[in-house]
1. Quick one: would you say Ser511 is closer than 26 Å to Thr575 by Cβ and without any contact (Cβ under 8 Å) to a residue 24 or more places away in the chain?
2. Can you spot a residue in segment 111-126 that is in contact with a helix residue (DSSP H, G or I) (Cβ under 6 Å, 6 or more places away or on another chain) and of a type in the set (Phe, Trp, Tyr)?
3. Examine segment 328-351 for a residue that is over 21 Å from the mean Cα position of the chain (by Cα), more than 30 Å from Tyr96 (Cα to Cα) and free of Cβ contacts under 8 Å to residues at least 12 places away in the same chain, and state whether such a residue exists.
4. When you scan segment 331-379, how many residues do you find that are of a type outside the set (S, T, N, Q) and either surrounded by fewer than 19 Cβ atoms within 10 Å (Cβ to Cβ) or modelled with pLDDT under 80 (or both)?
5. Please count how many residues of segment 182-202 are in a strand (DSSP E or B) and within 13 Å of Val248 (Cβ to Cβ).
6. Taking the stated definitions as given, is Ser128 open to solvent by less than 30 Å² (accessible area, probe 1.4 Å), polar (S, T, N, Q), assigned to a strand (DSSP E or B) and under 29 Å from Thr341 (Cα atoms)?
7. Can you tell me which residue in segment 209-222 is surrounded by the fewest Cβ atoms within 10 Å (Cβ to Cβ), limited to those that are in contact with a Gly (Cβ under 9 Å, 6 or more places away or on another chain) and of a type in the set (S, T, N, Q)?
8. Looking only at segment 220-238, how many residues end up being part of a loop (DSSP other than H, G, I, E, B) and aliphatic (A, V, I, L, M)?
Amino acid sequence: MPFTQFTSLDFDQIKAQIRDYLRSNSNFTDFDFEGSNFSILIDTLAYNTYINAFNANLVANESFLDSASIRENVVSLARNIGYVPRSKSAAKASVYFTVNTDSQKQLLHLKPGLVCVGGGVNSNFRFSRTQSMSVPIVNGVATFGSAELPIEVLQGSVLSAQFISDNTTDQRFILGNPNIDASTIKVFVKGVGDTGLGREFSMIDNILKINKDSEIFFVQEVQDEKYEIMFGDGYFGKKLENNSVITVRYIITDGADSNGASQFSFQGVFTTKDPNSEVDLPTVIPTGGIVINTVNGATNGAEMENVNSIKYFAPRIYSSQYRAVTPRDYEAIIQTIYPRTESVAVIGGEELSPPQFGKVQISIKPKNGTYVSDFDKQQIKQKLKSYAIAGINSEIIDLKILYVEIDSTIYYNTTQVSNANDLQTKVLSSLRDYSSTVDINKFGGRFKYSKVLQLIDRVDSAITSNITKLKIRRDMKVLKNQFAQYELCFGNRFHINPEGFNIKSTGFTLSGSSDIVFITDVPNKTANGALDGSGKGVLSVIARNRKEELKVVAKSAGTVDYMKGEIILNTLNITSTSADNDLIEIQAFPDSNDVVGLKDLYLSFDVSNSKINMVKDVIASGEDVSGVVFTRDYYTSSYSNGDLERK
């Protein structure tokens, strides 16, 4: 057999092909390849071939962005198309404090470095600043920040590195620490005639609008999750002078671990000279204790971008070419300028109802928390201006979450499991794992009903079947003690039961009454009681009396569009809600069990509010051979109930 047809990669197949090749040679016509010592040589050849094929396969895989798995290789391939992976992000807190001092100077300077220590869940964390801060001393008091304009401190320790430029060699400036928040890197270059640390260079991510005199630097990730500083070459950015002193200041951080710290104690150092322009700095000791006031606790700490994220965003950033035109461009660029983004939805104004041309609507789900702060919104909009086309206005709206809940009755064989609670725990664990997959918990996500049914059945061989019903929910934030109108869009068609009770809510109270009331619906019907085909209905506010009889409080309190999945409530003055945080939970039954997060709706599988009921399968266990007991005592309907209240 000629080796030109050699295609096998399995060891046994390689060995068989070598043996067949030797047998075809006339010199080995009567040779026993199985029992002779020749078998050892064949094993050696096959093993060597197998190892070479395996290594060649690994090398080929690591040469392409889609198939590479080693981080250093993925980062290197992404670097070829101009993508810098996101570094760890330090958690940020907003604080302010006053300092009493007997200094006779006009200014008090807070030195870069440690500012305070904040308490987390199980440990304390250092919070620092990479830049100095100077404030005037007024009547012996220096005020750093205020409740309206606090100062920002970042979790981590400030480190510095110093280099001497040498233009005679191919010099590299590599920072020796991992876990660096790359956004905190500050670079100072001291040339001939400069004082202090020298001039501060600016970090950029592209070569647009720079020239040979631009004092800039680039950052790229290299081996072992470290970072390299690169300067201009005299054409794109200013070239370093020989023997220039380069000082790099940066923060190494614990990332997401420090989120939540809110109690701080001061640990900083003050001086009367500018730390960036002076070397010998006299320390100023405050005349009294310093109390740190917290405006916002530590949030938005995040881990380094993982390999899967790099593979996804690197080609998309490259295709956007640093301009925001299509929704995909906006999605990729926002992930770059706001690294704390978990998921983003971008909708062109032409897709809105009614259309708003010249406008882009953006909804962002941050990695930690639910909402993007007003300050971050302004920062994102400002940064987007350098990418967006002139005349296109961007609007960042608050997150809208569409929750999916299940009500599942799971039948199990009692002869194969001793504890139903353990089986229920295993089901819940599997559902939580599914809730973190790529299908859901994102904008444009899709809840796949058939996968959930299969997932439940495959948790344990004791499970014989399941009957699972689906609900979708939106949480409506109310304005208490104010007349207001409300609109909720679910983005999915509602199932219509002609008898009503398709829409359910948690309880609330209205002005002028102490009765707990609920929202329900009545579909539009013809005179003979059939659905009129409009796909719409009327919302009513209903209460219960002491006899549990229903009482109509407001017959026409709004409208429901079953086809669009839209609820509109007329003007109401809501005084309290049964649910926490001034929320009214409103649920509906989807017309399709495959639920989609449409447009700006963030789809979330809410396992914590789902119901898992374990029921004995008396037929499978042999307790009921006729099915009479099963249909009488263990029967479960596959359809929604007609209750008024959301439970």
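The values are calculated or read from the model by the stated rules, or taken from the named source; none is laboratory data. None of the values given here were measured: they were computed from a predicted structure. Here the Cβ positions follow ideal geometry from the backbone for every residue, glycine too, while neighbour counts run over all protein chains shown. Ligands, DNA and RNA are stripped out before the accessible areas are found, and what is left, the full protein with its side chains, is counted by its heavy atoms. Shrake-Rupley method; radii C 1.70, N 1.55, O 1.52, S 1.80 Å.
1. Details: closer than 26 Å to Thr575 by Cβ: yes; without any contact (Cβ under 8 Å) to a residue 24 or more places away in the chain: no.
For Ser511, the condition - closer than 26 Å to Thr575 by Cβ and without any contact (Cβ under 8 Å) to a residue 24 or more places away in the chain - is not met.
2. Looking only at segment 111-126, we keep the residues that are in contact with a helix residue (DSSP H, G or I) (Cβ under 6 Å, 6 or more places away or on another chain), and these are 120, 125.
Next cut, of a type in the set (Phe, Trp, Tyr) only: 125.
Within segment 111-126 (the criterion being in contact with a helix residue (DSSP H, G or I) (Cβ under 6 Å, 6 or more places away or on another chain) and of a type in the set (Phe, Trp, Tyr)), the answer is yes, since at least one residue qualifies.
3. Pass one, segment 328-351, residues over 21 Å from the mean Cα position of the chain (by Cα): 348-351.
Among the residues that remain, those that are also more than 30 Å from Tyr96 (Cα to Cα) are: 348-351.
Okay, now just the ones that are also free of Cβ contacts under 8 Å to residues at least 12 places away in the same chain, so 350.
Yes, segment 328-351 has at least one match.
4. Narrowing segment 331-379 to residues of a type outside the set (S, T, N, Q): 331-334, 337-340, 342, 344-352, 354-355, 357-360, 362, 364-367, 369, 371-372, 374-377.
Now restrict to residues that are either surrounded by fewer than 19 Cβ atoms within 10 Å (Cβ to Cβ) or modelled with pLDDT under 80 (or both): 337, 339-340, 342, 348-352, 354-355, 357-359, 367, 369, 371, 374-376.
Residues that pass the stated criteria total 20.
5. Our first condition is that a residue be in a strand (DSSP E or B); within segment 182-202, this holds for 182-190, 199-202.
Retained after the next criterion (residues that are within 13 Å of Val248 (Cβ to Cβ)): 182, 184-190, 200-201.
Residues flagged as in a strand (DSSP E or B) and within 13 Å of Val248 (Cβ to Cβ) within segment 182-202 amount to 10.
6. On the way: open to solvent by less than 30 Å² (accessible area, probe 1.4 Å): yes; polar (S, T, N, Q): yes; assigned to a strand (DSSP E or B): yes; under 29 Å from Thr341 (Cα atoms): yes.
Yes, satisfied.
7. Kept after step one, since they are in contact with a Gly (Cβ under 9 Å, 6 or more places away or on another chain), are these residues of segment 209-222: 210-218.
So of that shortlist, the ones also of a type in the set (S, T, N, Q) come out as 211, 214.
Details: Asn211: 12, Ser214: 16.
Top of the filtered list is Asn211.
8. First, the residues of segment 220-238 that are part of a loop (DSSP other than H, G, I, E, B): 222, 226, 232-238.
This time we only want the ones that are aliphatic (A, V, I, L, M), so: 222.
Number satisfying all stated conditions: 1.
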